[in-house]
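**Student:** Below you will find the structure I want to go over with you.
The values are calculated or read from the model by the stated rules, or taken from the named source; none is laboratory data. Bear in mind the structure is a predicted one, so any value in this text is a computation, not a measurement. Please note: Cβ atoms are built from the backbone with ideal geometry, for glycine as well, and neighbour counts cover all protein chains shown. Surface areas here come from the heavy atoms of the whole protein model, side chains and all, with no ligands, DNA or RNA. Shrake-Rupley method; radii C 1.70, N 1.55, O 1.52, S 1.80 Å.
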Amino acid sequence: VEGTMGQVEDDLNFGWDNIPRRTTVSSFYMDETEVTNHFWLEYISWLSRVYGSSYPEIVERALPDTAAWRNKLAYNEPMVNYYLRHPAYRDYPVVGVSWLQANDFCKWRTDRGNEQIMVREGFLVHNPTGQVDDSYFSTEAYLDGQYEEAAKAADGIKDLRPNGVGYRNVAMTDGILLPDYRLPTEAEWEYAALSLIGN
């Protein structure tokens, strides 16, 4: 899809730091809503279970910056204290997350989504208690042939290549695993925000 990216209306402050330019965006998928506090807390819970006793700094590094609510001459302490964890804000978008934290979340989401697919298809056994430190399903490790766990339920897909014998690991080309979740590019974000569907 081709379109104009950047500011196309008058800038009242005369900043003009967002010059309009033509760009092309390939088709892409994007979540309909933002990542919620509930979803982020699920991520924190998983990190705590897997890394909490050995590497607590990994869990701490994933916590959002609750000071994002603090503002001069404003009383936002209830939001600082309750926004992330209180059930009333469970379906609200998570805030105070850095770009690096968001990228780590995308990698985690890819791995958990593909792990669930592998369990559903009968290649892995659902084993949440066996996931500690580095013993968890990683899409990248699996595709590189480095995931040799007791959690495997099957040896893989029957190898139908002419010189293939037995079974082989699932590959991306089999259409079973999902591609990586990622943050949108600036052009994709602007396209989605403007809802230029069909333009």
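**Student:** Based on the mean of other Cβ atoms within 10 Å per residue, sort peptides 172-184, 106-118 so the most packed one is first. Present the calculation step by step, with values, prior to reporting the outcome.
**Tutor:** Details: 172-184: 13.1, 106-118: 18.2.
Final packing ranking: 106-118, 172-184.
**Student:** When the Karplus curve 6.51 cos²θ - 1.76 cosθ + 1.60 is applied with θ = phi - 60°, which whole-Hz ³J(HN,Hα) does each residue of region 90-96 get, with x for Gly and Pro?
**Tutor:** Those phi angles translate into 4, 9, 8, x, 5, 10, x Hz.
**Student:** For VAL125, what residues show an amide H to amide H distance below 5 Å, using hydrogens built from the backbone and excluding near sequence neighbours?
**Tutor:** Result for VAL125 returns LYS152, ALA153.
**Student:** If SER27, SER98 are ordered by their accessible area, calculated over protein heavy atoms with a 1.4 Å probe, which sequence runs from highest to lowest? Provide the component values of the computation, followed by the final result.
**Tutor:** On the way: SER27 115, SER98 55 Å².
Of SER27, SER98, the descending order of accessible area is SER27, SER98.
**Student:** What full-extension length gain, to one decimal in nm, is calculated for THR24 and LEU160 as 0.36 nm per residue of separation minus the Cα-Cα distance? Don't skip to the answer; put the middle values down first.
**Tutor:** Numbers: separation 136, 0.36 × 136 = 48.96 nm, distance 3.95 nm.
This chain segment gains 45.0 nm when fully extended.
**Student:** Please compute the length gained on full extension between ALA192 and GLU42, using 0.36 nm multiplied by the number of residues separating them and subtracting their Cα-Cα distance.
**Tutor:** Numbers: separation 150, 0.36 × 150 = 54.00 nm, distance 2.64 nm.
Extra length from ALA192 to GLU42 when fully extended: 51.4 nm.
**Student:** Something else now. May I ask you to list the residues of region 108-133 whose amide nitrogen lies under 13 Å from a point 7 Å from Cα along the Cα→beta-carbon direction of ASP31?
**Tutor:** 108-110, 113
**Student:** How much area per residue is accessible in region 16-140 when the probe is 1.4 Å and only protein heavy atoms are counted (Å²)? Let's see the in-between values first.
**Tutor:** On the way: 8280 Å² over 125 residues.
On a per-residue basis, 66 Å².
**Student:** Counting only protein heavy atoms, what percent of the accessible surface of region 30-96 is carbon or sulfur at a 1.4 Å probe?
**Tutor:** Details: 2400 of 4640 Å².
Roughly 52 percent of what the probe reaches on region 30-96 is carbon or sulfur.
**Student:** Roughly speaking, to the nearest percent, how much of region 155-194's 1.4 Å accessible area is carbon and sulfur?
**Tutor:** On the way: 1700 of 2960 Å².
With neighbouring chains kept in place, the figure for region 155-194 is 58 percent.
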